[in-house]
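J.: Quick one: the structure is below, and I'll ask about it shortly.
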Amino acid sequence: MKRCIGQGKLILPVELAVCIGAAIALSILFNSINAFERIVNFFVKHENWQLDEYFCVLFFGGIGALVLAIRRAADLAREIREREIAEAHALSLARHDPLTGLANRRVLQDELPALLEEARSSTSQCVVFVIDLDHFKPINDVYGHDTGDAVLVKVASRLQRVVGARGLVARVGGDEFVLAMLQEPGTDAPSRTAIQVIRALSAPYEVGGRLLELGATVGIARAPVDATLGDDLLRVADVAMYDGKRAGKGTHRFFHADMDQRLRARAMLEAELREAITTGDITPYFQPVIALCDDRIIGFEALARWHHPTRGTIPPDEFIPIAEDLGLIDALSQRILRQGCIAASDWHWDTTLSINISPVQLKDSWLAAKFLAILQETGFNPQRLIVEVSENAITDDIQHAAIVLASLQNVGIRVALDDFGKGYSSFSHLRELKFDYLKIDSSFVESMNTAESRKIVSAVAGLGKALGMPVTAEGVESAEVADALRELGCEHAQGFLFGRPVAAIEAAGMVRSYDDRAELLKRSAR
Ligand code: C2E
Ligand code: CA
Ligand code: CA
C-alpha cells in the first residue's frame, strides 16, 4: 500500500509536464497556421459583433477542459497502477502461508506438475516428503498459540535450511509441511533427506526463555514409482506418513501399496467401532479374581470384547488403542462400567468389580464425577469398585495423574497398579502415587519356574505387605504356580486356572457354582 501512496505523489509533476507540453504544441500549431493573425483580423473585421469576449471565454474554457481531461486520464492511470499492486499483494497472500511465509498448498499443487514434467524429461525422480510434527499439540495446549506459532516459524526456517535451493517447502496444514524436490533414482537420497529433516526438527526450540522439544514423522512418495500425478503423489506420501505415526512417530516411511490397504481397513474399522460403541456390540467379559487362601471368588475384572458381525470376537488390544485415538475411550469406559455394575447385581454384596482405564483418562479431572454418576444410577457401592491403571499409562503428567487417582479414592473407589514390573519406573510410581492394590505382571508369573522370577514375585509380595497393598498375580494357568504363589505370600490370583473371561450370565453361574461347592464342603465338614 505504501508503494501506491508514493506513486500518487508523482502525479502532479506529470500533469504539469503534460500541460506545458500541450501549451507548446498548441502554440506551434497556432504559429504554423498563422492562427493569431487570423484571429486578430477576424476581431478587427467584426468589432461591432463583440465576439472577442465570447471567444476568450471559449478559448480559456477549452484549455480548462483539456487540463481536466488530462487530469482524469492521469487519475485513471494511477488507479490502474494501484489496483495492479493490490492484486499482486492479494495474490502473494493467497499463495503464501501468512505465518511462516512458506508456499501454501495451492502453490504446491500449481508447481508439482512442472516438477513432475522436469523429472520425466530428465533421469531424475520427483520426491515428495510429507512432514507431520510429533507432540506439537501439547505445546499449543500448554503454552498457548503464540508459543505454538513461534515454534512453527522456527520449524519453517529449519526446513528451508535443510532444503536450500534444492526444492520447494510448503506448509499445508496446522503442523503439516511438504517438501518436493528432484533426486537421483536408485540412491538413498530420499532417506538421507528425511533423516536430516527429522534431526533438524528434533533439536530443542528456544521460545520465550523456554526450551521446547518436538519431533517429526516423514512419509515419502516418489514419482513415477508410487504415483504420476501431483495430487496422487501427495496423497500416498500422506498415507506413508500415517503409517510412520502408527509405528511410533519420529521416523520416516516410504509409501508402498500395502499401506493403502491397511489405511482403508483401518478407516473401515474406525467407522465400525464408532457404531459398535453406541449400538452395544462391545460388552464386558468377566474374569474371576480368587483369594489364594481359600480359592473363593472375591471379585471380577471386566475385560472389553467387541462382537463383530463378520470378524467374530475382537480382543481389546486391537480396538482400545483405536478408541483412544478417536477420542471414544471415555464413552467406551462408561459403557463397560455401567454394564459391569448391572452384571454385579447377580454377585455377592461384597464381590468387587475391577475395570481398566486408559492413559488419556488419567488426564480427565472429571473422571471420578463421571464414574460416581454411573454408580449412583446403577445403585453400586463405590467401595466395590477397583479401577486398574496400567503401569505404562503413568508416563507424562504424574502430578495430574495423582490428583485424578486421589479424586477416585476420595469417593471410596479403590485403585490398583496393573502390570506391575513391566514398566521402567515401577518404584517411583509407588513413591509418588497411592495405590490400594498391586497386580504383578503376568510375565513374571508365567516364568515362575525360573529362580529369578520366583525371587521377583517373592519380593513384590513382600513389598505389597510392607506398603499395605494386597498383591494379585495375573496369568495363573497351573496348580503348581498357584501353590508357589501361596507359599510366597501372594493374596489374590487371576488366570485361566480359575476361569477365563466370560459373559455376564456365565459369571453369575460361576458365583453360584462356587457357592454350591462351598456349601457342599461345609456340609461334608459337619
Ligand atoms: P490386562 O488388564 O492386563 O488384562 C489381563 C489380560 O490377560 C486379559 O486379556 C485376560 O484375558 C488375559 N488373561 C487372563 N488370565 C490369563 C491367563 O491365565 N493366561 C493368559 N495367557 N492370559 C490371561 P484381554 O482381555 O485380551 O485384555 C488385554 C488388555 O486390554 C487388558 O490387559 C487391558 O489392559 C486392556 N483392556 C481390556 N478391557 C479394557 C477396557 O475396558 N478399557 C481399557 N482401557 N483397557 C481394557
Ligand atoms: Ca487389568
Ligand atoms: Ca494386567
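J.: Would you pick out the residues in region 499-526 that are under 22 Å from Q339 (Cβ atoms) and part of a loop (DSSP other than H, G, I, E, B)?
T.: G499, R500, P501, A503
J.: Go through region 369-383 and report how many residues are in contact with a helix residue (DSSP H, G or I) (Cβ under 6 Å, 6 or more places away or on another chain) and within 18 Å of L405 (Cα to Cα).
T.: 3
J.: Of these, S458, S453, S443, which one is within 12 Å of ligand 1 (Cβ to nearest atom), over 30 Å from S365 (Cα atoms), in a helix (DSSP H, G or I) and of a type outside the set (A, V, I, L, M, F, W, C)?
T.: Testing whether each residue is within 12 Å of ligand 1 (Cβ to nearest atom), over 30 Å from S365 (Cα atoms), in a helix (DSSP H, G or I) and of a type outside the set (A, V, I, L, M, F, W, C) leaves just S443.
J.: Would you call L433 closer than 29 Å to A459 by Cβ and either buried (at least 17 other Cβ atoms within 10 Å of the Cβ) or more than 13 Å from ligand 1 (Cβ to nearest atom) (or both)?
T.: Yes, satisfied.
J.: Go through R210, R199 for me and flag whichever is at pLDDT 95 or above and charged (D, E, K, R).
T.: R199
J.: In this structure, is L367 under 25 Å from the mean Cα position of the chain (by Cα), assigned by TED's automatic domain parsing to the domain that holds C490, more than 16 Å from ligand 2 (Cβ to nearest atom) and modelled with pLDDT of 95 or more? Don't jump to the end; show me each part of the working.
T.: Working: under 25 Å from the mean Cα position of the chain (by Cα): yes; assigned by TED's automatic domain parsing to the domain that holds C490: yes; more than 16 Å from ligand 2 (Cβ to nearest atom): yes; modelled with pLDDT of 95 or more: yes.
Answer is yes for this residue.
J.: For region 186-248, give me every one of the strands (runs of 3 or more DSSP E) that falls completely inside it and has 2 or more residues that are of a type in the set (G, A, S). Lay out the reasoning, then the answer.
T.: Working: elements: 205-207, 210-212, 215-223.
Because the criterion is at least 2 residues that are of a type in the set (G, A, S), the strands (runs of 3 or more DSSP E) in region 186-248 that meet it are 215-223.
J.: Go through region 359-401 and give me each residue that's surrounded by fewer than 16 Cβ atoms within 10 Å (Cβ to Cβ) and either more than 23 Å from F300 (Cα to Cα) or of a type in the set (A, V, I, L, M) (or both).
T.: V360, K363, S365, W366, A369, A373, T395, D396, D397, I398, Q399, H400, listed by residue number.
J.: All but one of (1) near ligand 1 (Cβ under 9 Å from one of its atoms); (2) under 20 Å from L417 (Cβ atoms); (3) not β-branched (V, I, T) hold for E391; state the number of the condition that does not hold.
T.: Every listed condition holds for E391 apart from (1).
J.: Restricting to region 284-329, count the residues that are more than 28 Å from the chain's Cα centre (by Cα), of a type outside the set (D, E), surrounded by fewer than 20 Cβ atoms within 10 Å (Cβ to Cβ) and more than 16 Å from ligand 2 (Cβ to nearest atom).
T.: The number of residues fulfilling the criteria is 9.
J.: Please go through region 331-364 and pick out each residue that is at pLDDT 95 or above, in contact with a strand residue (DSSP E or B) (Cβ under 9 Å, 6 or more places away or on another chain) and hydrophobic (A, V, I, L, M, F, W, C).
T.: Of everything in region 331-364, those that are at pLDDT 95 or above, in contact with a strand residue (DSSP E or B) (Cβ under 9 Å, 6 or more places away or on another chain) and hydrophobic (A, V, I, L, M, F, W, C) turn out to be L332, I336, L337, C341, A343, A344, W347, L353, I355, I357.
J.: Go through region 473-503 and give me each residue that's of a type in the set (V, I, T) and either surrounded by fewer than 20 Cβ atoms within 10 Å (Cβ to Cβ) or closer than 20 Å to F300 by Cα (or both). Don't jump to the end; show me each part of the working.
T.: First, the residues of region 473-503 that are of a type in the set (V, I, T): 476, 481, 502.
The answer is V476, V502.
J.: For region 410-450, what are the residues that are more than 10 Å from ligand 3 (Cβ to nearest atom) and either in contact (Cβ under 8 Å) with a residue 60 or more places away in the chain or of a type in the set (D, E, K, R) (or both)?
T.: Selection gives R414, R431, E432, K434, D436, E446.
J.: Restricting attention to region 303-312, does a residue exist that is under 17 Å from R266 (Cα atoms) and within 11 Å of ligand 1 (Cβ to nearest atom)?
T.: The answer is yes; a qualifying residue exists.
J.: Do we have any residue at all in region 157-165 that's of a type in the set (A, V, I, L, M), assigned to a strand (DSSP E or B) and over 21 Å from the mean Cα position of the chain (by Cα)?
T.: no
J.: Which of the residues spanning region 461-490 are away from ligand 1 (no atom under 15 Å from the Cβ), at positive phi and within 44 Å of the chain's Cα centre (by Cα)? Walk me through it before giving the result.
T.: Pass one, region 461-490, residues away from ligand 1 (no atom under 15 Å from the Cβ): 461-470, 483, 486-489.
Now restrict to residues that are at positive phi: 468, 489.
G468, the sole residue that qualifies.
The values are calculated or read from the model by the stated rules, or taken from the named source; none is laboratory data. Predicted, not measured: the structure shown is a model, and the values here were computed from it. All Cβ positions, even for glycine, are placed from backbone atoms using ideal geometry, and neighbour counts span all protein chains on display.
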